1. Among the listed residues 31, 48, which satisfies the condition of being more than 30 Å from residue 170 (Cβ to Cβ) and touching a Ser or Thr at 6+ places or on another chain (Cβ under 8 Å)?
2. Find the residue count for region 72-115, including only residues that are of a type in the set (Gly, Ala, Ser) and without any contact (Cβ under 8 Å) to a residue 24 or more places away in the chain.
3. Just to verify a result, which residue in region 180-195, among those that are surrounded by 18 or more Cβ atoms within 10 Å (Cβ to Cβ) and among the aliphatic types (A, V, I, L, M), is nearest to the chain's Cα centre (by Cα)?
4. Would it be correct to say that residue 84 is buried (at least 16 other Cβ atoms within 10 Å of the Cβ) and touching an Asp or Glu at 6+ places or on another chain (Cβ under 8 Å)?
5. Taking the criterion of being under 30 Å from residue 142 (Cα atoms) and surrounded by 20 or more Cβ atoms within 10 Å (Cβ to Cβ), would at least one residue in region 64-75 satisfy it?
6. Out of (1) in contact with a Lys or Arg (Cβ under 8 Å, 6 or more places away or on another chain); (2) closer than 27 Å to residue 256 by Cβ; (3) of a type in the set (D, E, K, R), the odd one out for residue 195 is which?
7. Among the residues of region 242-260, is any modelled with pLDDT of 85 or more and among the small types (Gly, Ala, Ser)?
8. Sort out for me the strands (runs of 3 or more DSSP E) sitting completely within region 95-179 that have 3 or more residues that are among the polar types (S, T, N, Q), crowded, with 19+ Cβ neighbours inside 10 Å and at pLDDT below 95.
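The values are calculated or read from the model by the stated rules, or taken from the named source; none is laboratory data. Quick caveat, the model's predicted, so the values are computed rather than measured. Glycine gets a Cβ as well: all are built from the backbone with ideal geometry, and neighbour counts include every protein chain shown.
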Amino acid sequence: MPELPEVETVARGLQREVAGQRIVTVTLGKTDFIDNPEAIERELPGRTILRVERYGKFMLLRLSASEAKPSEEEAALLVHLGMTGSLMPLPVSTPYAKHTHVVMLLGDGRELRYMDPRRFGRMAYLAGDLLANELKRFGADPLEADLQEFARRIHRKARIKALLLDQSVIRGVGNIYADESLWKAKIHPAQLGARLKREQVEKLYAALQQVLQKAILLRGSSISNFLDADGEPGEYQQHHRVYGREGKPCYRCKTPIRRIIVAGRSSHFCPYCQRTPRGRKQADRKRSAGRPTRSKAKAKD
């Protein structure tokens, strides 16, 4: 799934390309990823895209008031790219890609097209209280929160990896940048947030900011088919230190990178640089002690 740097990259590109453009018509293909297709067809034509911004892993296309409802409350098109989605402006003459599901004709003659082969994304027209309530579900932005707010949000009896992935705690971070930030801060992904020392919290806060900002500078990570608003891949995958590097040497100490499951997600870490928390070690020992050896298992059979 595109994470904060990838979504920020696309949002900046769209802000540059389509902010100020009027939506003339909307044409929909398959709509199973759209909350209310009728609302999009009815509400978008005639509105102007005021600005495009990122909100966590979502993009918000902020819209002008409808000509028929000049006093209407704030409205926006909420877009999540899912695993395979892309949103980019293209000339009308460009042939349609096979999985083009939303086409918005713009005032300058181009088309803003949403393409998504697997349709794991989401699109919704939201206005007024619906928009406000949707945004309230999400936690703090890691690039906007100060150290005190970050520390308060992660001081919980849950694994730090799970807290970083929880969008109601910190919005925008996913598997890639959680692993990369924890490696940079030398914190094991299974460590409890409430047990982190002040120094560790400060290191993680700084590491998360540095990793995200560098990833944005390099236009995100193209692991499978991520493309920015110009149709170009990101480059940050060339700078991954742990993510996807299982069995390869740690860049700091040369210890082979390991992969474990934390909070139901694959987590890559260095077993030397990111020491296993005491409680996790004891649990691992108990599990190991409870397992029959291969010879004992055969004897039982």
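1. 48
2. Going through region 72-115 one residue at a time, the tally reaches 3.
3. In this case the residue turns out to be 182.
4. Against the criterion (buried (at least 16 other Cβ atoms within 10 Å of the Cβ) and touching an Asp or Glu at 6+ places or on another chain (Cβ under 8 Å)), residue 84 qualifies.
5. yes
6. (1)
7. yes
8. Counting at least 3 such residues, we get no strands (runs of 3 or more DSSP E) at all.
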